[in-house]
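What follows is a set of notes on a single structure, which appears directly below.
Bear in mind these aren't lab numbers, they're just calculated from the coordinates by the rules spelled out. These numbers were taken from a predicted model, which means no experiment stands behind them. Counting neighbours? That spans all protein chains shown, and the Cβs are built from the backbone with ideal geometry, glycine included.
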Amino acid sequence: MTTQIAIRLGDSELAALDAEVAEGRAANRSEAVRRGIARLQRDQRYRAEEVALIELARRGEPVYPDLDGLLVLPHRPLD
């Protein structure tokens, strides 16, 4: 489902959208706005993940237990 909204933009904000379109990074203003929102959503997910990782580290728990021992390579004994 999609919902249409109306927003007011300043000249510089509109110019930024138009630049995205003119430089081929978005097909139109709406797509440029959607891409900006997608970036915002990605940033929100990264921040939430960062908080979770910091909490694990604070508690002394392994951050990625599935990767524990991945870099532990067998070594031949030294003579």
Under a point spin-label approximation (7 Å from Cα along Cα-to-Cβ), what is the A19-D66 distance to one decimal in nm?
4.0 nm
Here the net charge surrounding E20, from other residues whose Cβ is less than 10 Å away from its Cβ (Lys, Arg +1; Asp, Glu -1), is 0
Rg/Rh for the range 11-61 to two decimals, with Rh computed the Kirkwood way over all alpha-carbon pairs.
1.31
Sorting E31, E61, E20 on the 10 Å Cβ count, fewest up front, what's the list?
E61, E31, E20
Taking the Cα centre of the range 11-61 as origin, work out the dipole magnitude from +1 charges on Lys and Arg Cβ and -1 charges on Asp and Glu Cβ, in debye rounded to 20.
240 debye
